[in-house]
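Taking it in order: structure first as structure tokens, then the write-up.
The values are calculated or read from the model by the stated rules, or taken from the named source; none is laboratory data. Because the structure is a prediction, the values reported are computed rather than measured. No Cβ is skipped: glycine too gets one built from the backbone with ideal geometry, and neighbour counts run over all protein chains shown. Protein only, heavy atoms only, side chains kept; ligands, DNA and RNA dropped before computing areas. Shrake-Rupley method; radii C 1.70, N 1.55, O 1.52, S 1.80 Å.
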Amino acid sequence: MRRRPDEETLQSLVEMAVAVRKRAHAPYSNYLVGAALLTTKGSVHVGCNVENASYGATICAERAAVTAMVASGERHPIVCALVTGGAEPVAPCGICRQVLVEFAPDLLLVLVAVRGKQRVRRETTLGALLPEAFRLL
Ligand code: THU
């Protein structure tokens, strides 16, 4: 990652992920996920999980956010805020790690669990979660 954004920026990124999580379409799992990507230009791109009756057609929140980012002409995320329910934050699934690494091998991940008014937050990096990622050389 370049320079770590200040705490206020990270908090507002988390709030955007909290907000978009409420728009998730998750009638099968009832597991709502929100993601917000902050880019080098300072713009934010959000995504939520969109499930499908044909379960394999489901798209995760992180990949939805990447799609929105690329469609708007940006390719350099520096932070991904990921918001889920439950007691503990969770890390992106394997497919999303691979999709994220395409654009930012050293992405900072801010993982937040929301349960009522309670929030638990932790940080990690994509490099820590997906060492030796596949790349076409
Ligand atoms: N999900 C995400 O949105 N991101 C992940 O990294 C893992 C899983 C979604 C997919 C599905 O709608 C629900 O969470 C349960 O797997």
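Enclosing the Cα atoms of the stretch 65-137 in their convex hull gives a volume equal to 97 cubic angstrom per residue. Compared with the alpha-carbon gap, the fully stretched path from Gln11 to Glu102 is longer by 30.3 nm at 0.36 nm per residue. A 1.4 Å probe run over the protein chains yields, for the stretch 33-137, 49 Å² of accessible area per residue, whole-number rounding.
Dipole check for the chain: with +1 at the C-beta of Lys and Arg, -1 at the C-beta of Asp and Glu, and the Cα centre as origin, the magnitude is about 180 Debye.
Here the accessible area is traced with a 1.4 Å probe on the protein chains. For the stretch 31-77, carbon and sulfur cover 58 percent of it. Once both labels are positioned 7 Å from their Cα atoms along Cα-to-Cβ, the gap between Leu137 and Arg4 label points is 3.0 nm. What chymotrypsin sites (Phe, Trp or Tyr not before Pro) does the stretch 29-137 have in DSSP loop regions with at most 12 other beta carbons within 10 Å? Counting only loop positions with at most 12 other Cβ atoms within 10 Å, the chymotrypsin sites (Phe, Trp or Tyr not before Pro) in the stretch 29-137 are Phe134.
Given a Förster radius of 22 Å and the C-beta distance between Ala87 and Ala26 as r, what FRET efficiency does 1/(1 + (r/R0)^6) yield to the nearest 0.05? Can you show the working numbers first?
Values: r = 18 Å, r/R0 = 0.83.
In this case the efficiency is close to 0.75.
Across Val101, Val79, Val33, mean-square fluctuation computed from a Gaussian network of the chain (C-alpha pairs under 10 Å connected) peaks at Val101. The longest part of the chain holding none of the exposed loop trypsin sites (Lys or Arg not before Pro), meaning those outside H, G, I, E and B in DSSP with at most 14 other Cβ atoms within 10 Å, is 76-116.
Largest GNM mean-square fluctuation among Gly127, Gly86, Gly73, using the chain with Cα springs under 10 Å: Gly73.
Enclosing the Cα atoms of the chain in their convex hull gives a volume equal to 112 cubic angstrom per residue.
Which of the GluC sites (Glu not before Pro) found in the stretch 1-71 are loop residues per DSSP with 13 or fewer other Cβ atoms within 10 Å of their Cβ?
none
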